[in-house]
Amino acid sequence: MNNEITGAEIVLKSLAEQGVEVVFGYPGGAVLPIYDTLFKQNSIKHVLVRQEGGAIHAAEGYARSTGKTGVVLVTSGPGATNVVTGLTDAMMDSVPIVCITGQVPQHLIGSDAFQECDTTGITRPCTKHNYLVKDVNKLSSVFHEAFTIAQNGRPGPVLIDIPKDVQFASGTYEEKNKIIIPSHRLFEPSPDFEKNKIEEAVELISKAKKPIFYIGGGCINSGPKASTLVREFINMVGSPVTMTLMGLGVVGSSDKNSLGMLGMHGMYEANMAMHECDVMINIGARFDDRVTGRLDAFSPNSKKIHIDIDESNINKTINVDVPIIGDVKQVVETMISVWKDRKYKIDTDSLKLWWDKINKWKEVDCLNYNNEGKQIKPQYAVQRLYELTKNTKTFITTEVGQHQMWAAQFYKFEEPNRWLTSGGLGTMGYGFPAAIGAQVGHPDALVVDIAGDASILMNIQEMSTAVQYRLPVKIFILNNEYMGMVRQWQELLHGGRYSESYTDSLPDFVKLAESYKAVGLRAKTTDELDDVITQMIDTKNTVIADIWVTKEENCFPMIQSGSAHNEMMLSKDQKQDKKSAEKGKILV
Amino acid sequence: MNKSVYASPDQVSETKRHILTVLVDNEPGVLARVIGMFSGRGYNIDSLNVAEVSNDENISRITIVTHGTSEVVSQIEKQLLRIVPVHSVTNLDQEGNSVEAEVALVYIYISDTNKKKVYQLCDLYRARKIENENNTTIFEIAGASERVNRFIKEINEITKVEIVRSGPVAISSIQKNEEE
């Protein structure tokens, strides 16, 4: 009896057993046996990108919009090095990815062979774990472990490097349920994990006079149920809540408790509330420097509760009073039952005073901008996009820069998993391939990449992919001919010397779309904007909408680097302390 | 006072030497993962020692001597635990009682004038002469790093030497359950 199949067949069989429906990839010499096997089957769809960097961002977009693991298949050498940015991005933003790379045959490893590189060496710091599989009989167990590790605990990217001879070799396949993964390789909280800490935390919340919930991407990674529970708990407490860039959508924008996003370009009221609160409940966020600002002036008078699945996030930058290690869903579920069992109720008088104070801060109307004239303000463009798409199932992706912040400020998210942006790494070029991945996962939904003119050019080659697979992705370019955020920093911190931040020789985006047999639209004035957006939504094809916006608009409010939450800049006219500006200059 | 996010945090506790012992799966790349975590995050390795300790389970023990504030060392421990093949991380200084030792091999240039002094010193420190084919004088000294340091300092004052040191290994001296 011979049950042996080839390594390449084991790869496909493992993917199928893991429930993989789609693989984003690009073929090459060292993965030809896998592509040959792919050709002979129908259960797994392959999306051919135009550069490997596009494949991994597409897989990220797919993963974050569906909650499944994104799968990438690329060749050795340049194929592998081109995914490094995406792996790092997925590592920073905790996105479950399994990336398969081909490797030169084992007898050539170390000989500087054609398209050879030390893939596991290069990707070690930017993956959660990686493997070089030398034995075909270990291939299936490596795959099943890789999928588990990618999803388990704090999710992340896992890479599997497979030499070409292993893909050709024959071996036996082992099923998923036959693989036992030793517990030390996984994060497995016990059911009554941290119960004492949770009780301590809930008691602290019940005694708060000025509480605030600070919600991060961990709530989204914990699944949709986590968001429901978080909303339920916040409602029971009646506390205000603010979200990080990665946490938008966990609590709906229209929720009465929501103060919107916090941080460098967050809402004035959210940052002020963080500064003055007496109990801070951090759920699945990691005190990122874009959120905290100046560390020694961060929320100076609060007791801090921190719920995180990754212990290394506890006391990394901010020391907390009650750390709780665990999955958001489980922890918040327990918090709710403790709150109910003990019949806790927050002091309503102090809570009312707290809300009064917050409502005063809201009156500052920090997102206010001057919307006069025929020229389109970028903020206005996002506002109109929101108004015209809010009743459709819409996924928004972004690139990185000013447009990203305006999208976060002006597009209102009501549900988790609808907002895909590169938060930790800040990868320009993320949004368009991520939109492709999201569209593959949700063929009937509206997927819009809010982009800048500079960012979109970083992965513009994926137009070809979008058109090939009839993916009606919409690219909404806020075109100011600048790398807007670089220009803004140069204006505020570098004496207005716009060194290399003007994008000369931009393509004609309408013609560019047409050259790919997609649709190109353009709006130059406010009169044209609504028509262009409506037309964009109604077009059953890939669309580039080139929105000409005012060129020198700045993104406000802003906490300058090196400043604290209560030192927000609301507009350019606001005088800034020269000394702190000088200090801020050295930061990123 | 206007301190930036990237300024080094106030030194809330003093920098101390710590010995971490890390149990890992003995698989390719595991040492690189551990070392890479230190270099990538800007931590220090003063010495590092690795060897397989169990034949059946394929587990290695890495002993790392590092220094830092207690905040930094606690962060190091947590970052180590994130590495998939890492079983456990023990900070032996936190355990309180531990025994450490290292081995140094010392090639000693001996002449008639210093011979007596060298042998006296080696005797004092219980450094053992290692017989070898070329009949050169190579001594082996084992013990706590402090002791080895002192020996090397004193022998250096007498004559020229070449030294190779293993770096310390350490083990907790607290009584353990059988299963550990």
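Quick one: what do you get for chain B if you divide its Cα Rg by 2.2 N^0.38 Å? Mind showing how you got there, number by number?
Numbers: Rg = 20.1 Å, N = 180, 2.2 N^0.38 = 15.8 Å.
Rg over 2.2 N^0.38 Å, computed on Cα atoms: 1.27.
Roughly what would the spin-label model give for A:Thr317 and B:Lys116, points 7 Å off Cα along C-beta, in nm?
So the label points at A:Thr317 and B:Lys116 sit 6.8 nm apart.
List the lysines whose Cα sits under 27 Å from the Cα of B:Lys129, skipping any in the same chain fewer than 8 residues away.
B:Lys115, B:Lys116, B:Lys117, B:Lys153, B:Lys160
Taking region A:5-174, how many lysine pairs are there with alpha carbons less than 20 Å apart, if each pair must be eight or more places apart or span two chains?
Total qualifying Lys-Lys pairs in region A:5-174 comes to 12.
Give the Debye-formula value of log10 I(q)/I(0) at each listed q (0.12, 0.14, 0.15, 0.17 Å⁻¹), with one equal scatterer per alpha carbon of region A:378-548, two decimals each.
Cα-only, vacuum Debye calculation for region A:378-548: -0.48, -0.67, -0.77, -1.00.
Roughly speaking, what is the stretch gain from A:Glu188 to A:Glu491, that is 0.36 nm per residue apart minus the C-alpha to C-alpha distance, in nm to one decimal? Write down the numbers at each step before the final one.
On the way: separation 303, 0.36 × 303 = 109.08 nm, distance 4.91 nm.
Extra length from A:Glu188 to A:Glu491 when fully extended: 104.2 nm.
Using 7 Å Cα-to-Cβ label points, what is the A:Gln41/A:Gln535 separation (nm, one decimal)?
4.5 nm
With a 10 Å radius around each residue's Cβ, average the other Cβ atoms per peptide and rank A:151-160, A:372-381, A:507-516, A:291-300, highest first. It would help to have the intermediate numbers written out before the result.
Details: A:151-160: 24.3, A:372-381: 18.5, A:507-516: 16.1, A:291-300: 20.1.
Put in order of decreasing packing, that is A:151-160, A:291-300, A:372-381, A:507-516.
May I ask you to order A:406-412, A:241-247 by the average number of other C-beta atoms within 10 Å around their residues, highest value first?
Details: A:406-412: 23.1, A:241-247: 28.6.
Going by the mean number of other Cβ atoms within 10 Å, highest first, we get A:241-247, A:406-412.
Can you tell me which of B:Ala127, B:Ala51, B:Ala144 moves the most in a GNM of chain B? Springs connect C-alpha atoms under 10 Å apart.
B:Ala51
What is the gain in length, in nm to one decimal, between B:Ala32 and B:Ile171 on full extension, counting 0.36 nm per residue of separation less the C-alpha to C-alpha distance? Mind showing how you got there, number by number?
Values: separation 139, 0.36 × 139 = 50.04 nm, distance 2.30 nm.
Extra length available between B:Ala32 and B:Ile171 comes to 47.7 nm.
Taking a cut-off of 40 Å, what percent of all Cα-Cα pairs in the protein assembly as shown are separated by more than that? Walk me through the numbers on the way to the answer.
Working: 125007 of 294528 pairs.
More than 40 Å apart: 42 percent of the Cα pairs in the protein assembly as shown.
Over the Cα atoms of region A:5-174, what is the Rg over Rh ratio if Rh follows Kirkwood?
On the way: Rg = 14.1 Å, Rh = 15.3 Å.
My calculation of the ratio gives 0.92.
Most mobile of B:Val106, B:Val24, B:Val53 per a Gaussian network model of chain B (Cα springs, under 10 Å)?
Among B:Val106, B:Val24, B:Val53, the largest mean-square fluctuation in the Gaussian network model of chain B belongs to B:Val53.
Each label point is 7 Å from the Cα along the Cα-to-Cβ direction; what then is the distance between the points at B:Tyr107 and A:Lys256, in nm?
A separation of 8.3 nm, rounded to one decimal place.
So what's the gap between the Cα centers of region A:45-67 and region A:299-313, to the nearest angstrom?
33 Å
Just to compare against my own numbers: the Cα pair-distance distribution for region A:268-308, 5 Å bins, whole % per bin, please.
Distribution as computed: 6, 24, 31, 33, 6, 0 percent.
Quantify how strongly other chains surround peptide B:79-90 by giving the mean number of their Cβ atoms within 10 Å of each of its Cβ atoms. Intermediate results must be reported in sequence, preceding the final value.
Working: counts 4, 1, 5, 9, 4, 14, 4, 2, 4, 1, 0, 0.
Average neighbour count from other chains, rounded to a whole number: 4.
Which whole-angstrom value gives the distance between the alpha carbon centres of region A:231-285 and region A:90-155?
So the separation of the two Cα centres works out to 38 Å.
Please work out the C-alpha center-to-center distance from region A:474-513 to region B:31-60 and express it in whole Å.
Each part's Cα centre sits 46 Å from the other's.
Across the residues of A:309-321, average count of Cβ atoms on other protein chains within 10 Å? Mind dumping the intermediate values first?
Details: counts 0, 4, 6, 10, 1, 3, 4, 5, 3, 0, 3, 0, 0.
Partner Cβ neighbours, averaged per residue: 3.
Rank-order A:347-355, A:540-548 by packing density, defined as the average count of other C-beta atoms within 10 Å over each peptide's residues, highest first.
A:540-548, A:347-355
Kindly state, to the nearest 0.05, the FRET efficiency for A:Lys393 paired with B:Val164, given R0 = 51 Å and r defined as their beta-carbon distance. It would help to have the intermediate numbers written out before the result.
Values: r = 68 Å, r/R0 = 1.32.
After rounding to 0.05, the efficiency reads 0.15.
For B:Ser88, list long-range residues whose amide hydrogen, built 1.01 Å from N in the peptide plane, is under 5 Å from its own amide hydrogen.
B:Leu23
With contacts defined as alpha carbon pairs under 8 Å and 6 or more residues apart, what's the relative contact order of chain A in percent? List each step's numbers first, then the result.
Numbers: 1295 pairs, mean separation 80.7, N = 588.
The normalised contact order for chain A reaches 14 percent.
Just subtract the alpha-carbon distance of A:His107 and A:Asn301 from 0.36 nm times their residue separation and send over the number in nm, one decimal. Write down the numbers at each step before the final one.
Details: separation 194, 0.36 × 194 = 69.84 nm, distance 6.23 nm.
So the extension gain works out to 63.6 nm.
Here, each number is a calculation from the coordinates, and none is a lab measurement. Note that the structure is predicted; figures quoted are calculated from it, not measured. Every residue, glycine as well, gets a Cβ built from its backbone with ideal geometry; the counts of neighbours run over all protein chains shown.
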